[in-house]
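Asks: Take this structure first; my questions come after.
The values are calculated or read from the model by the stated rules, or taken from the named source; none is laboratory data. Everything quoted here is computed from the prediction, not taken from an experiment. Cβ: placed from backbone, ideal geometry, glycine included. Neighbour counts: every protein chain shown. We work out accessible area using only protein heavy atoms, side chains counted, and drop any ligands, DNA or RNA first. Shrake-Rupley method; radii C 1.70, N 1.55, O 1.52, S 1.80 Å.
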Amino acid sequence: MSKNTDLIIFGASGDLANRKLFPALYRLHHAGLLEDNVRILALARRAQTSREFVSQLENTLQNVMLAEGLDKGSWKSFSRRLHFLKVDFTNKRDFKDLQHWLVKKRTVIYYFATPPSLYGPISSHLNGAGCIDSQTRIVLEKPIGHDLKSSQEVNDVVGKYFNEKNIYRIDHYLGKETVQNLLALRFANRVIHSQWDNTCIDHVQITAAETVGIEGRWSYYDSVGQLRDMVQNHLLQLLCMVAMEPPNSLEAGEIRGEKVKLMRALRPINIDSVLQDAVRGQYDAGWINGEPVVGYLEEEGRDSGKSNTETFVALKAYVDNWRWAGVPFYLRTGKRMGKKVTRVIITYKESPHTIFSGGQDGARNRLVIRLQPNEGIELEMVSKKQSLEEPLGIERRILNLDFLGDSASVRIADAYERLFLEVINGNQWLFVSREEIEASWKWCDELLSAWREKNVEVKSYGAGSWGPPKAEILIERDGRSWYEGGA
């Protein structure tokens with residue numbers, strides 16, 4: 001780790017910075033994982049002093065981290081790292097103040113917690129003010145564009161000023177403990193790895209469900225939708241981690257290369273298959289946790305009239321390679337769903353013949369990989385019933401690896417904590433390459449185009465449900481069903 005690091009956050013007064021970035025940095029400091037000579041500079045358009053910013057941030061973090069609280073001693077020492085500058089990100093003259101603040105021979109990391117439309121102007125102004133050298137790193141938040149063309153434009157303009165090896169594109173799912181554990185699960189356990197293909201696996205499900213709505217982001221969300229917001233990045237990254245071939249090492253280039261190959265093997269959902277293999281939904285009014293909630297078209301900030309923006313997507317996808325030929329991947333994500341949960345379910349094929357009572361379905365094995373709310377891994381096994389009446393009956397039993405409960409830790413580190421450490425250490429393996437982003441956009445663009453050409457309308461679903469009925473048909477016509485068990 002470089003002991004002389006300046007971490008500079010653009011958009012420091014925004015929601016992402018307050019909810020995720022500064023809490024993560026404080027926790028790293030509290031745990032003793034930030035070197036003493038790491039400075040943090042907050043940049044925002046609001047005029048205030050460093051002291052005012054620190055005081056305001058303390059109040060914010062006390063609310064955000066209410067359950068764990070702020071340690072007074074840790075906060076006092078952490079606050080000494082913090083500095084503030086007022087910068088209008090579109091005014092190149094303001095960047096001279098930043099240039100004066102920088103000190104030579106220190107590693108500089110710029111974190112763009114801003115809309116992507118500002119990535120180009122900020123990069124240009126940094127360059128014009130002499131704030132970039134060959135070692136300067138930059139962290140980009142999603143979304144990188146809204147389609148392949150705009151993604152290429154964003155990457156091109158940033159690439160004019162920053163070397164590709166110094167660009168860190170975040171997908172925070174890759175910082176989650178369980179996602180990284182997929183590598184260990186698959187490639188460090190021969191008993192798992194040897195069963196990880198189409199000879200043993202019947203199908204794969206990936207679900208990312210949220211109970212929240214659009215949270216006042218109508219103007220943004222209505223131009224994006226759930227496919228761009230969740231599938232293009234989070235769900236496709238999970239699919240890559242589940243299905244990619246073993247990398248030669250844990251080097252960033254090796255892992256990224258395998259993910260790109262996987263994305264290129266992902267069969268397009270086009271005009272010929274879109275009606276069968278893709279479902280769009282939009283939530284109506286309903287109930288979440290016993291409380292009434294409004295429908296999407298009644299949300300605060302909405303435009304008048306009808307919207308065909310999807311808040312739910314269900315897909316049936318195939319990976320056309322030797323390992324996964326014929327294995328369907330069912331992807332599902334939505335807002336205002338029955339509960340907040342993200343998980344991957346690997347369902348194994350039935351035994352060719354069973355000699356026990358209980359039928360074939362009782363002999364299925366299932367691997368459940370939980371990303372939230374309680375990170376861990378479950379393996380559904382078959383065991384003999386403890387019964388005198390049914391001496392050879394079988395039943396499902398669960399082997400449960402609870403990442404928090406089975407460790408000495410009081411909490412699982414937030415994804416941003418790990419990602420910050422990797423950036424500071426100069427490690428790219430948990431970040432997304434330009435090739436990955438453009439491959440995923442190419443796949444999503446074809447699906448979006450098919451929806452437009454077929455004039456596919458969103459199907460309504462009640463808030464608090466698991467999506468429109470057509471999503472059930474998507475999987476049930478294959479003789480399967482969505483997994484709803486567990487937490």
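Asks: Could you tell me which of the residues Val103, Val108, Val158 is β-branched (Val, Ile, Thr) and in contact with a helix residue (DSSP H, G or I) (Cβ under 9 Å, 6 or more places away or on another chain)?
Replies: Exactly one of Val103, Val108, Val158 is β-branched (Val, Ile, Thr) and in contact with a helix residue (DSSP H, G or I) (Cβ under 9 Å, 6 or more places away or on another chain), namely Val158.
Listed here are the residues, each with its yes/no results for (1) touching a residue at least 40 places away in the same chain (Cβ under 8 Å); (2) within 17 Å of Phe10 (Cβ to Cβ).
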site	(1), (2)
Arg51	no, no
Gln56	no, no
Val64	yes, no
Ala67	no, no
Asp71	yes, no
Ser74	yes, no
Arg80	no, no
His83	yes, yes
Phe89	yes, yes
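Asks: Let me ask another. When you look at Lys92, is it more than 25 Å from the chain's Cα centre (by Cα) and within 22 Å of Ser124 (Cβ to Cβ), yes or no?
Replies: yes
Residue-by-condition table, conditions (1) under 21 Å from Ile475 (Cα atoms); (2) part of a loop (DSSP other than H, G, I, E, B); (3) open to solvent by less than 50 Å² (accessible area, probe 1.4 Å); (4) aromatic (Phe, Trp, Tyr):
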residue: Val279; (1), (2), (3), (4): yes, no, yes, no
residue: Trp287; (1), (2), (3), (4): no, no, no, yes
residue: Tyr318; (1), (2), (3), (4): yes, no, yes, yes
residue: Gly326; (1), (2), (3), (4): yes, yes, no, no
residue: Leu331; (1), (2), (3), (4): yes, no, yes, no
residue: Pro352; (1), (2), (3), (4): no, yes, no, no
residue: Leu367; (1), (2), (3), (4): yes, no, yes, no
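Asks: Is there a residue in region 427-440 that is under 18 Å from Thr178 (Cα atoms) and acidic (Asp, Glu)?
Replies: No, because not a single residue in region 427-440 is under 18 Å from Thr178 (Cα atoms) and acidic (Asp, Glu).
Asks: For region 13-34, how many residues are over 15 Å from Arg418 (Cα atoms) and in contact (Cβ under 8 Å) with a residue 12 or more places away in the chain?
Replies: Taking region 13-34 as the starting set, the residues that turn out to be over 15 Å from Arg418 (Cα atoms) are 13-19.
Applying the additional criterion that residues be in contact (Cβ under 8 Å) with a residue 12 or more places away in the chain yields 13-14, 16-19.
So the answer is 6.
Asks: Under 6 Å by Cβ, and 6 or more places apart or on different chains, what pairs join a residue from region 206-227 that is closer than 22 Å to Leu331 by Cβ and among the acidic types (Asp, Glu) with one that is open to solvent by 30 Å² or more (accessible area, probe 1.4 Å) and not in a strand (DSSP E or B)?
Replies: Every condition considered, the pairs that remain are Glu210/Lys340.
Asks: Still on this structure, please answer the following. Enumerate the helices (runs of 4 or more DSSP H) found wholly within region 121-229, keeping only those where 1 or more residues are modelled with pLDDT under 90 and not small (Gly, Ala, Ser).
Replies: Here the list reads 177-187, 190-193, 218-221.
Asks: Among the residues in region 178-189, are any without any contact (Cβ under 8 Å) to a residue 24 or more places away in the chain, within 21 Å of the chain's Cα centre (by Cα) and open to solvent by less than 30 Å² (accessible area, probe 1.4 Å)?
Replies: Going through region 178-189, the residues without any contact (Cβ under 8 Å) to a residue 24 or more places away in the chain turn out to be 184, 188-189.
With within 21 Å of the chain's Cα centre (by Cα) added as a condition, the list becomes 184.
When the remaining residues are screened for being open to solvent by less than 30 Å² (accessible area, probe 1.4 Å), the result is none.
No, because not a single residue in region 178-189 is without any contact (Cβ under 8 Å) to a residue 24 or more places away in the chain, within 21 Å of the chain's Cα centre (by Cα) and open to solvent by less than 30 Å² (accessible area, probe 1.4 Å).
Asks: Now a separate question. For residues that are β-branched (Val, Ile, Thr) and open to solvent by 30 Å² or more (accessible area, probe 1.4 Å), scanning just region 190-210, find the one that is farthest from Met337 (Cα to Cα).
Replies: The residue in question is Val191.
Asks: Considering only residues of region 436-483 that are aromatic (Phe, Trp, Tyr) and closer than 28 Å to Asp202 by Cβ, which is most open to solvent (accessible area, probe 1.4 Å)?
Replies: Trp466
Asks: Going through Glu298, Glu310 one at a time, which residue ends up being open to solvent by 60 Å² or more (accessible area, probe 1.4 Å) and not hydrophobic (A, V, I, L, M, F, W, C)?
Replies: Numbers: Glu310 fails: open to solvent by 60 Å² or more (accessible area, probe 1.4 Å).
Of Glu298, Glu310, the one residue that is open to solvent by 60 Å² or more (accessible area, probe 1.4 Å) and not hydrophobic (A, V, I, L, M, F, W, C) is Glu298.
Asks: Got a number for residues in region 96-119 being touching a Phe, Trp or Tyr at 6+ places or on another chain (Cβ under 9 Å) and open to solvent by less than 40 Å² (accessible area, probe 1.4 Å)? If you could, list the steps in order and put the result at the bottom.
Replies: So the first thing to find is which residues in region 96-119 are touching a Phe, Trp or Tyr at 6+ places or on another chain (Cβ under 9 Å), and the list is 109-115, 118-119.
Now drop any that are not open to solvent by less than 40 Å² (accessible area, probe 1.4 Å), which leaves 109-114, 118-119.
Count: 8.
Asks: Tally up the residues in region 1-53 that are under 19 Å from Leu102 (Cβ atoms), open to solvent by 60 Å² or more (accessible area, probe 1.4 Å) and touching an Asp or Glu at 6+ places or on another chain (Cβ under 7 Å), please.
Replies: Looking only at that region, the number is 1.
Asks: Here's another thing I want to ask about it. If you go through region 262-274 one residue at a time, do you hit one that is of a type in the set (S, T, N, Q) and open to solvent by 70 Å² or more (accessible area, probe 1.4 Å)?
Replies: no
Here is a yes/no grid of residues against (1) out of contact with any strand residue (DSSP E or B) (no Cβ under 9 Å at 6 or more places or on another chain); (2) among the basic types (Lys, Arg); (3) modelled with pLDDT under 95:
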| position | (1), (2), (3) |
| --- | --- |
| Asn4 | no, no, yes |
| Leu21 | no, no, no |
| Leu43 | no, no, no |
| Leu66 | yes, no, yes |
| Leu70 | yes, no, yes |
| Asp88 | yes, no, yes |
| Tyr110 | no, no, no |
